[in-house]
Amino acid sequence: MAQTLVYKILQDHLTSGQLVAGDEIGIRIDQTLTQDATGTTAFLLLEAMGVPRVKTELSVSYIDHNMAQFGPENHNDHIYLQSIARSVGAHLSRPGNGICHQVHLERFGRPGRTLLGSDSHTPTGGGIGMIAIGAGGLDVAVAMGGGPFYTTCPRVVGVELRGKLAPWVAAKDIILRLLSILTTRGNVGCMVEYFGPGVASLSVPARSTCTNMGAELGVTTSVFPSDQATKAFLIAQGRGDQYVHLTADKHAEYGRIVKRLHAQRDSASIDNIKDFCTEVDIEPASDPGAADEGMLDVSFGHVVIDLGKVVPLAAGSPSPDNVSTIAELSGQKVSQVLIGSCTNSSYQDLMLCAAVLKNRTVHPDIELGIAPGSRQVLKMLAANGALADLVASGARILESSCGPCIGQGFSPAEGTVSLRTINRNFAGRSGTTGDMVYLVSPETAVAAALRGKITDPRDMGETMDIEYPNIEAPQEFSIDDGMIIAPLDESASQDVEIIRGSTIVKPPAGEKLPDPLKGQVVIKVGDKITTDHIMPAGSLLKFRSNVPEYARYVFNCFNTEGSPSFAERALAVRDAGAKGVILAGDSYGQGSSREHAALCPMHLGVGVVIAKAIERIHQANLVNFAILPLTFVDAADYDRISEGDELVVHDLDEAIVSGQTVNVSNATQGFEFACEVSLAPRQRKILAAGGLLNFTRQGG
C-alpha cells in the first residue's frame, strides 16, 4: 500500500501500537531540544526521575528565550542549564548563539529523524524532512531518559503545492494562506504533509517558515520531503553526509477531515464559500442549505495551493488565522516593524531586507527592529556588508533571540499598528494591551518600513523604483560551532557540580485525584484561550523556574484590581478541601507548549478542566500533571454553568480507567451534565498514578 512520508518516518520509529489514524502509538525519539524558558523545569524533572545521562542520539539545551537579565533569575537558569547539560551529556547552545529552531535546523536537523522539543514551534524541523513535535517539558524529559513519546496516530492532511511564487511573495504567505483555509481549530490529531511540483522551488528555510507556523494550525507537526534542495542546504552547512532522499509513495492517500467554514469575511454568501472550496480543491460534504447561514461543512481530501496565485497576506490581531490580503489593508499607517523570530530570520530573509534598505532610510514614523535568528546569519551579514547596510538605514539590530516574539521588549505604543514577521499575535502577547499586530512576510515588512504604511510589496517597483532582489541560497554557510558546548564523556561528567541558584525551585509532582471529586468553578473563560492567557510570558517569564512564584500570575490577564486574583480564589478552594475547576469554551490551550499552563494551576489545586474542546499539547500537559481534561457531550451545558458553582464528578476512578463519559453534578444549581473522557490508554494510566512523574517512577 502506498504510504505518506509521515507514515514512513513513523513506521521506522514505531515502538508500540499500529499506524491506524486515531489510535495511540509510541515512537522512538532520536533528538530532543529544550530552551531556557522550559528547559530548567525539564532538566529538573529529568533529575527527579533519577536519570544520570541522556539516552537519545542527540539532546541540545538552548538558551534563547529569557535573555534580558533584570534580576538574578534568568542568569541563574543559564548557569544551571550549562552545568546540568555537562552533567547529563547534552549539548548546550550558549546565549547569543541564536534561536533554538533556527540553530537546530542549521546545525543538527537530519532528514528522517524524530525530534521532540519543549517548545511548540519545534515542527520547524519538518522543513528538513523530520518528524518534529512540540511537547511539554516532562514528555521531553522522559524522551531524554530513553522513553518513547506517545501520541495519536495522525490523519495526514496533504497540501499539494503547484507552480512557483511570484516576486515579492514569500513562504510566509503560503502558510497564511493555509491558515485561512484550515484555521486554528479542529486540526487536533492531524499532521500536514507538503508535496507536489511546487515544493522544489522552495529552499529549506522557506519550507521551515511553513512548518514553523504549522503550530498555529493546531496540528501535531508538518513535514516536507527531503530532496535536492535539502541536500544542497546540508552540503552548504557542511553536513552533506547526513542527506537521505525521502518522499511519499506515488498515489499515497491523504486523510479527510470535515470542517465548518465561515463565508468570506466580506460577504455572507454561500456562493462565495462554494467558490472558495473550488479554488482549493475542497469538496462540499453536505448541502450548504442544511448548514447555518454563512457556514458550510466541507470535507478536505488534500488542499491544492497554486503558488503562482498566492498574494501577499497578513494575519491581524488577535489570531494567526485572521487573514486578509495586503491589498485590502493597504494604506494603514504603521508605527513599528519587527523582522526576526524563528519564523523569518534566515540568511535569505535578512539579505532580502538588507538589499531593499541599502542606500535608503527607514521612514521617519517607523521604528524598525531586526533580530537575526542565529549567530551564523549575523556573522555572514557582518562579513558581506549587509549588516552595515541595515544599520545605515536606521534599523535597530536586536539580539539573536526570541525577544519581542514572546513579549520580551520592543512592545508597540498604544493604539498603533505593528507589522511583525513572527508567528503569533495573540491579544497582548507583544506586551501592550489592545495591541494591533499583523503577521507578515519580510517582503511586506520591509516595504512598510520604507513607506510608513501597509504597502503591497509588489508595488515597490512602481512606487519606489526598487527591483525585486532575488537572493539565492548560499553554497556555503559560515560554520562556527564555538558557541555550542559539546557533552563531556560519561566519566568526566560525573565530577560536574550542578549549580542551582536560589530562584530555582524543585517543581511539584502531581497527586492522585479523589473519587468522588468535589470541585468549584474558579473561572469561566471563552473560546480560543491560549497558554499566553493562562500563563503570561513577557517580563513574568523569568519566574518559570519557581512554580510557587509564577503560579501567582495564572490567568493574570483576567484579574481585576481590588478583587481576589485567580490564584487567590483557587487557593481558597484548595484550602477548603475541594479541587479548582476551570470552565472553558472551544479550542482551550492554544499556542505554546508551556507546561506551566498546567503545572501552575495544579500547584494552586486545580483538578479539572471542562471545555468544549482542548488542544493537543495542553491536554497532554494537563494529564501529565494530574489534571483531568473533560469535554462537554452537549456544548450547550457550558452556558448553564456559572463561576462559583460547586461541581461533583462521580465515579472518577472508573471513568479514568475505562470510561468514555462521566456524569458531573452541579450541586449549586441542581442538575447533571455529561462529559467525555477522551484519553488514550496510557494517559489513563498516567492519571491513575497521579501524573507522569509518578507513573515514570513506578516503572511506567
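Every read-out reported here was derived from the displayed coordinates using simple, explicitly stated rules and does not represent laboratory data. Since this is a predicted model, take the numbers as computed values, not measurements. Here the Cβ positions follow ideal geometry from the backbone for every residue, glycine too, while neighbour counts run over all protein chains shown.
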Ile79/Gln3 FRET efficiency (R0 51 Å; Cβ-Cβ; nearest 0.05): 0.65
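Quick one: order Arg616, Arg574 by neighbouring beta-carbon count within 10 Å, fewest to most.
Lowest to highest Cβ neighbour count: Arg574, Arg616.
Please give the per residue volume of the convex hull enclosing the alpha carbon atoms of region 165-259, rounded to a whole number of Å³.
Working: hull volume 10.8 nm³, N = 95.
Hull volume over Cα atoms, normalised by residue count, gives 114 Å³.
Tally the DSSP beta bridges in region 312-464 and give the antiparallel ones as a percent, rounded to 5.
On the way: 6 of 19 bridges.
Expressed as a percentage, antiparallel bridges in region 312-464 total about 30.
I'd like the antiparallel share, as a percent to the nearest 5, of DSSP beta bridges with both residues in the chain.
Working: 39 of 96 bridges.
Approximately 40 percent, going by the DSSP bridge assignments.
How would Asp241, Asp532, Asp634 line up from fewest to most surrounding beta-carbon atoms within 10 angstrom? Working shown, then result.
Numbers: Asp241 7, Asp532 22, Asp634 10.
Placing the least packed residue first, the sequence is Asp241, Asp634, Asp532.
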Rough spin-label spacing in nm, given labels placed 7 Å along Cα→Cβ, for Ala388 and Ser539: 3.9
Label zone at Glu253, where the point sits 7 Å out along the Cα-to-Cβ direction: region 148-185 residues whose backbone N lies under 13 Å: 156
Point-to-point label distance, Ile397-Lys333, nm (Cα→Cβ direction, 7 Å offset): 3.2
Listed peptides 97-104, 380-387, 13-20 by packing density, highest first (mean Cβ within 10 Å): 97-104, 380-387, 13-20
Span from the region 301-373 Cα centroid across to the region 107-156 one, whole angstrom: 28
Greater than 18 Å apart at Cα, pairs in Lys528/Lys612; Lys55/Lys512; Lys524/Lys612; Lys8/Lys250: Lys55/Lys512
Structure-derived mean projected area of the Cα convex hull in nm² - corresponding label in [x] 43.4; [y] 31.3; [z] 29.2: [z]
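Of all DSSP beta bridges located in region 5-255, what percent are antiparallel, nearest 5? If you can, show how the numbers build up before the last one.
Details: 7 of 31 bridges.
Among the beta bridges of region 5-255, antiparallel pairing accounts for roughly 25 percent.
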Relative contact order of region 92-168, pairs being alpha-carbon contacts under 8 Å that are 6 or more residues apart, as %: 21
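Direction-averaged shadow area of the convex hull around the Cα atoms of region 312-464, nm²? Please list the in-between numbers first.
Values: hull surface 31.0 nm².
Value for region 312-464: 7.8 nm².
Using a Förster distance of 41 angstrom, determine the FRET efficiency expected from the C-beta separation of Arg360 and Ala200, and round it to 0.05. Spell out each step's value before the answer.
Working: r = 33 Å, r/R0 = 0.81.
Efficiency, from the Cβ-Cβ distance: 0.80.
Restricting to DSSP H runs of at least four residues, report the calculated mean residue ellipticity at 222 nm for the chain, -39500 (n - 2.57) per run over all residues, nearest 500 deg cm²/dmol.
Values: 24 runs with 202 residues, N = 700.
Calculated at 222 nm, the ellipticity per residue is -8000 deg cm²/dmol.
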Lys8, Lys250, Lys528 arranged by Cβ crowding within 10 Å, fewest neighbours leading: Lys250, Lys8, Lys528
At most 14 other Cβ within 10 Å, DSSP loop - GluC sites (Glu not before Pro), region 309-417: Glu414
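For a protection proxy built on the mean count of beta-carbon atoms within 10 angstrom, sort 369-378, 332-341 highest first, please.
Working: 369-378: 26.0, 332-341: 23.9.
In descending order of packing, they fall as 369-378, 332-341.
Past 21 Å, Cα to Cα, is the threshold; run Lys164/Lys333; Lys358/Lys379; Lys172/Lys309; Lys333/Lys358; Lys506/Lys542; Lys358/Lys453 against it and keep the listed order. Could you put the intermediate results ahead of the total?
Numbers: Lys164/Lys333 31 Å; Lys358/Lys379 18 Å; Lys172/Lys309 14 Å; Lys333/Lys358 23 Å; Lys506/Lys542 15 Å; Lys358/Lys453 19 Å.
Those over the limit are Lys164/Lys333; Lys333/Lys358.
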